[in-house]
Amino acid sequence: MEADVVRSDLVLPPVMPFKRVQTGDKYPKGQSRARYWKHLKQLLQAENFISLPPDEPNYLNIESPPSMYPPKKYCDITGFEAPYVDPRTKLRYADPEVFRRVRNLPIEHVQRYLALRNAAVILR
Amino acid sequence: MAEARIARQTDYDLFSPTTPIVIDNGGSTFRIGWAGESDPRIMFRNVALRPRHRSTGETVTVVGEHDPALFKYFDCTRSSWRSPFDNNVVYQFEIMEYVLDYGFDQLGASSSMAGKVDHPILMTECILNPVSSRAKMAELLFETYGAPSVAFGVDAAFSYKYNQNLGICAEDGIALSVGYMTSHSIPFLKGEPLPEGSCRTNVGGYHVTNYLKELLSLKYPYHASSITWEKSEELKREHCYVAPDYASELQIFKKGTKESEEKKRVWQLPWIPPPQEEPPSEEELARKAAIREKQGQRLREMAAAKRSQKITDLENELHVLETLLSQLEQAEQPEVASSILARSGYLSRQEIESAHFRVSQSLRKARGEPTGTVEDNADNVTSADKYPLVSIPDEMLTPDQLKEKKRQLFLKTTSEGRLRAKQKRSEEEMMRERQNQLEEERRLENPELYLEELRAKYKELSEKMDQRKRLKTNGNGNGNGNNVSGGTGRGERLNAAQRERMRLLTTALYDKGKGEDTFGLKDEDWQLYKLMSKDTDDDDDVVDPDEAELERVATKLQEFDPSFVERTEARLMQSAQEPPRPRTLTAEDYQVVLGVERFRCPEVLFQPGMVGEYQVGLDEMVSHSLRRLPNLDSSVKDHMCQSIFLTGGGSLLPGLEQRLETGIRATRPYLSPLKIVRAVDSVMDAWRGASVYAASEMFSTQIFSLQDYNEKGEDWLRRYNIVYSLYD
C-alpha cells in the first residue's frame, strides 16, 4: 500500500479488534450480495401492515396524501408558468422562443427533462 | 465540501463502560460521539465505496469523503458510492457495517483490549422505522459489535427536546424536519411526539440538490462535467433561497426587470483566454512575400530549364532524322539504302518522313509557335479517306467489307457528334459572354436600377423556392413527424404530386360496377404508372434551373450590393440557436448563470409535484398533521401552532420561515396564533439532543439488551418507543 494512502487512513483495515466477527468472514469475497438485501419496497411488503390494526401508525400510514391544490404546470426549461405542452415530446413550455428550443433539443435532453418530472416513459 | 480530516480519537479508553456512545445515523451524515459532550467527535458522509487497489488487486473499503487525489491508486470504475439507506430506512447492512466500523475505529475503539464495543449505544432512526430494519440493526450491534445495550430514538424528537430545554419551543408544538430524502412533520404534546399525527413527504435536501444539478447540466451541457454533486450542494448552500411568493417571483424574472438582474448570480468557471495572435508586422509580411517570390522564381527557372532541355533534345532528334534522310537520298544503290534503313531502325522512308514531320511539329509547339492550322487541314483531308467504304452502297461490298463499313460508319458518326457538341458548347460560351457584357454595360449605365431589378428577381425566385419547399415538406413532414397518424386516408394535406397519384390509382382501380377487378389483365393498364410522377425525378429536374438562376442572382447581388445578406443566412440566424457555430470562446461562455434556479429548486419542498412526487408540501404537511389528530380540541392545536419548530439540514434555506408562515396561515382559522421558530443549529441539534438524553440518569431505563431482544420478540420491538421526557 502506498505511503500516502497509509498515512491518510483512507482504507478500512481488514481486521477490527473491537468486533466479534470480521467483515471478511461474514461476507466472503466473490459473492455479490446486492440481491441479498431487501429493498424498502420488499421490506414493507414483508412487514405486512395489513394484518396490523389500521389506526396504529406505521411506516406506510404516515405517508403524506396528495395536495389539496392542483399541481401547477411549470415550463420544463425556463421554470415559468407553462400553459402549453409540446405534443411530440410532451415537454411543457412557456412561449414560442422556448418552443423553438424544445424542438431543437437532442433526444437525450428531452428524456432527462421528463425524468426530472418523473414523466419519462422507460421502455424495457 | 472537503472538510479537514478529523484525526482518530485517542481517548477511547478514558471512558468507562457506562458512558453511552451516541450515533446520529443520518441519510447524509453519520455523527458519532460520547454522551454528555456538546459536539460529536467524528462526522462523515454516510457512504462507502469498494474500489479495487490497482497494485495489489484486492478490493478495499473506503468510507466517507476523502481527498480525491488519493483515489488514483484505486480503480473506481466498477464501484460507486453506496449508501446504506433506501429512502430513509437502512436496508443495506453490509454498507452499514463498514460505516460503523469506520465510525468506531475513528472514535478510537481499536485501541481498546475489550474485543467488543463495551458501551451502551444510542442510535437515531426515522420515525416508525419498519421493524425488520430495526431488528437487523439491533442484531448487528449486539452480535457483531458486542454492545451490551441499545436504544433507538427519532432524530427530530431529540432536536425538539434539546431546543425545548433551551426555551426555543414549547412542550406542545410541531416539529418540521427537512431531511435528506424525506421531510417529516411530527406533532408534540406535553413533550412527547405523537406518531399517529406525524406525516412524511418524500422530498428532502437531496431532491433540491439533484434538481439544481440536472437543470444546470441540461442548460450548460458544455460544462456538464464541472457541475458535480459536491459543487451543486455548494451552490445550493450559497445561492438558493425560498421565494416568499413563487408566482410573483417568477413574474419578476419573466419581465426581466432590473430586480431580476440583481438577483442573478454568476458562477465563473476557470477559463484561459486563447493566446492573442499579433497581427503580422511589416517585417513579417515583407519577409513572407520575399520567400514566396523566391519560391516562384525557382519554380519558373526549373520550368524554363526543362523546356530548353526538351527543345535541345528535339532538335537533336530532328538533326539525326535529317541526316538520315539526306543519306538515303544520296544513296544511289538500293543495297546501301536498305542497309542504312536497317541500321537506323526505321522500316521505310515514309516512316522516317512521318517521324521527321512529327518531331518538327512538337519542336515548333515547344518553341511556342502556332501549329493548329496545319493539323486541322491534315484532319480534314483525311476524313474522307478515313471512311472510304462509307460512301459505297451496300450491295457492292463483300461481307468483310460490310463489317468494315459498319465500323467506319460508327466511328464517323461518333467523331462528328463530338465535333458538333464542341461547337455547341463554344457557341453557348460566346452567348453567355455576350450576355454578361450586356449586363455589365447596363450596370455601368444605371447602377441603381440594375440593383433594383436584381433584388426583385432574387425575391421572386426565393419565394418560389420557399413555397415549393414548404409544399414538399408539408406532405413529407406530416408523414415523418407523426408516424402514428401518418397515412393518406386521414385528410392530410398532400402535395399536388401525391394527390395526382391517388387520383390515378383510384380511377384505374375503380371497377366501374362490373364486379370484378380487371386491372392488370391488359398491358396498357400498367402504363398508368408512367403517368405518375416519381418523387425523386420530380425534385431534381424541375428545381435545377430555378435554383441555378437563384444562385447566379445571389452571387451578383453579393458582389454589387453592400446591404445584401443572403436570406437563407438571415433565416438561419433567427431560427436555430444550435448547433453553436464554431467561434472564438469568450469569458461569458464559461459562466454559469443562476437566475430562476435560485428559487426554483427549493420550491420542490413546497410543490413536490415539480419533481413528480404528488404529495403535500411543507406548509400543507402541518395542516395535515393537525387533521390527523381529531381528538385534540382547537385550543390545543392553536397552542401547538405557536411552536412550529424547523430542524434538519434542509431547513437552512433563507426565506423558509416567511414562506411557511404564509402557507400555514392559509390553512389555519382566521387570526389563529402562529409562530415559527428555528433550531439553534439545525444540523447538529439532533446529535446534541441525543447526547443530552443519553447522559441523563434515566437513560438506562430506556435501553434494551440482547437478552431482552431475544426474549421479548419482534412484536415487542415494534412497539418499542423511548420516552423522551426523561429530564424535565
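Structural remarks
- Close contacts from the stretch B:420-449, counting a first residue that is more than 18 Å from B:Leu557 (Cα to Cα) and a second that is modelled with pLDDT of 95 or more and surrounded by 10 or more Cβ atoms within 10 Å (Cβ to Cβ), with Cβ to Cβ under 6 Å and a gap of 6+ residues or different chains, come to none at all.
- Wholly enclosed helices (runs of 4 or more DSSP H) of the stretch B:627-705 bearing at least 3 residues without any contact (Cβ under 8 Å) to a residue 60 or more places away in the chain: B:634-641, B:656-667
- Checked against the criterion of being modelled with pLDDT under 85, part of a helix (DSSP H, G or I) and farther than 20 Å from B:Leu318 by Cβ, the stretch B:352-374 contains one or more residues that satisfy it.
- Exclusive hit being in the same structural domain as B:Ser132 (by the TED database) and crowded, with 23+ Cβ neighbours inside 10 Å, set B:Ser696, B:Ser651, B:Ser691, B:Ser705: B:Ser691
- Hits in the stretch B:572-592 - residues which are surrounded by 10 or more Cβ atoms within 10 Å (Cβ to Cβ) and either more than 13 Å from chain A (Cβ to nearest Cβ) or at pLDDT 90 or above (or both): B:Leu585, B:Thr586, B:Ala587, B:Glu588, B:Asp589, B:Tyr590, B:Gln591, B:Val592
- Filtered by the rule that a residue be at the interface with chain A (Cβ under 7 Å from one of its Cβ atoms), closer than 15 Å to A:Pro70 by Cα and surrounded by 24 or more Cβ atoms within 10 Å (Cβ to Cβ), the stretch B:594-616 gives B:Met610, B:Val616.
- Just one of (1) outside the structural domain of B:Arg41 (by the TED database); (2) at pLDDT below 90 fails for B:Leu674. It is (2).
- Entirely in the stretch A:1-108, the helices (runs of 4 or more DSSP H) that have 3 or more residues that are within 7 Å of chain B (Cβ to nearest Cβ): A:3-8, A:40-47
- Any hit, the stretch B:153-161, residues being within 29 Å of B:Arg237 (Cβ to Cβ), free of Cβ contacts under 8 Å to residues at least 40 places away in the same chain, of a type in the set (A, V, I, L, M, F, W, C) and in contact with a His (Cβ under 9 Å, 6 or more places away or on another chain): yes
- Qualifying residue in the stretch B:131-142 (condition: in contact with a Pro (Cβ under 9 Å, 6 or more places away or on another chain) and either surrounded by fewer than 22 Cβ atoms within 10 Å (Cβ to Cβ) or part of a strand (DSSP E or B) (or both)): no
- Residue within the stretch B:289-296 that is out of contact with any His (no Cβ under 9 Å at 6 or more places or on another chain), surrounded by 12 or more Cβ atoms within 10 Å (Cβ to Cβ) and assigned by the TED database to the domain that holds B:Leu347 present: no
- Flag for B:Thr59 being at pLDDT 90 or above and touching a strand residue (DSSP E or B) at 6+ places or on another chain (Cβ under 9 Å): no
- Residues that are part of a loop (DSSP other than H, G, I, E, B), more than 27 Å from the chain's Cα centre (by Cα) and more than 17 Å from B:Arg659 (Cα to Cα) within the stretch B:218-264 comprise B:Gly256, B:Thr257, listed in sequence order.
The values are calculated or read from the model by the stated rules, or taken from the named source; none is laboratory data. Worth saying up front: this structure is predicted, and the values here are computed from it rather than measured. Positions of Cβ are generated from backbone atoms using ideal geometry, with glycine treated the same way; all protein chains shown enter the neighbour counts.
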